[in-house]
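These notes are about the structure you will find just below.
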Amino acid sequence: PTLGSCHAWLKAGGQPQVAGQVVQECGVGLVTLRQDGERLAFAAPPLIKTSPLAEDDVALIARGLGVARSDILHHAWCDNGPNWRGVMLRSAAQVLALKPDGAILAGLDVGVVGPTAEGGASAPRGKVGVVGSSDADGIAFDVRAFFPGNNGLAEDPVTGSLNAALAQWLIGAGLAPARYVASQGTALGRAGRVHVEQDGSDIWVGGHTVTCISGTVRL
């Protein structure tokens, strides 16, 4: 976990060479992190693949999620290392109600996003999640991440790589504002909050981190 690893390093006494900034070497290469008030945030790495999904993939994902093909309003490759296939449904409520079929989605990394509001009756058709559409809690989108697991299909409570790629796709396509908060983990009983902000050419993905286990190991 990008933010979690940085949190652990700082809590263990790590001292950045540049105040407020840490550079970590991850599978995707060097990733810059910054201390953003009480939160940590990382700069989203470049996408490897950004094109729309093939229609066969979209139809398969719709069947696997148990929704109509017409309920997938937008779709794109969100590949920044993990081969995320991103789809946007009509609403956050629809995202939270999903009961995916692991047999149909076998072998796929699927990220699902849905807006908490549709921008009002005057919003252009399909232009959901635009500026001003956050709900009363300040949440613009609900996100769920499905991927192969030990029991067929697993779900991640909070996923930095997916939220980074979704942000690059949605902001670039005009489907999201330059700054928003996404909720993830609700279906798993978690209250994850992912803070996204575009700053120049960078998109920063941040959130609060907390130490859950602390101890020592004798080698």
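The values are calculated or read from the model by the stated rules, or taken from the named source; none is laboratory data. This is a predicted model, so every value here is computed, not measured. Positions of Cβ are generated from backbone atoms using ideal geometry, with glycine treated the same way; all protein chains shown enter the neighbour counts. Side chains included, ligands, DNA and RNA excluded: accessible areas come from the protein's heavy atoms. Shrake-Rupley method; radii C 1.70, N 1.55, O 1.52, S 1.80 Å.
Filter region 118-152 down to residues that are closer than 20 Å to residue 83 by Cα and of a type in the set (S, T, N, Q) and give me whichever is modelled with the lowest pLDDT.
In this case the residue turns out to be 151.
Taking only region 140-187 into account, find how many residues are open to solvent by 20 Å² or more (accessible area, probe 1.4 Å), at positive phi and touching a Gly at 6+ places or on another chain (Cβ under 6 Å).
The qualifying residues number 1.
Is it the case that residue 204 is within 27 Å of residue 10 (Cα to Cα), open to solvent by 20 Å² or more (accessible area, probe 1.4 Å), among the aromatic types (Phe, Trp, Tyr) and touching a residue at least 60 places away in the same chain (Cβ under 8 Å)? I'd like the intermediate steps shown before the answer.
Values: within 27 Å of residue 10 (Cα to Cα): yes; open to solvent by 20 Å² or more (accessible area, probe 1.4 Å): yes; among the aromatic types (Phe, Trp, Tyr): yes; touching a residue at least 60 places away in the same chain (Cβ under 8 Å): yes.
Yes: the conditions hold for residue 204.
Which members of region 76-121 meet the condition of being open to solvent by less than 50 Å² (accessible area, probe 1.4 Å), polar (S, T, N, Q) and not in a loop (DSSP other than H, G, I, E, B)?
94 - this is the single residue of region 76-121 that is open to solvent by less than 50 Å² (accessible area, probe 1.4 Å), polar (S, T, N, Q) and not in a loop (DSSP other than H, G, I, E, B).
Please list, ordered by first then second residue, the pairs with beta carbon atoms under 7 Å, 6 or more apart or interchain, first in region 7-22 and among the hydrophobic types (A, V, I, L, M, F, W, C), second part of a helix (DSSP H, G or I).
Matching pairs, first to second residue: 22/6.
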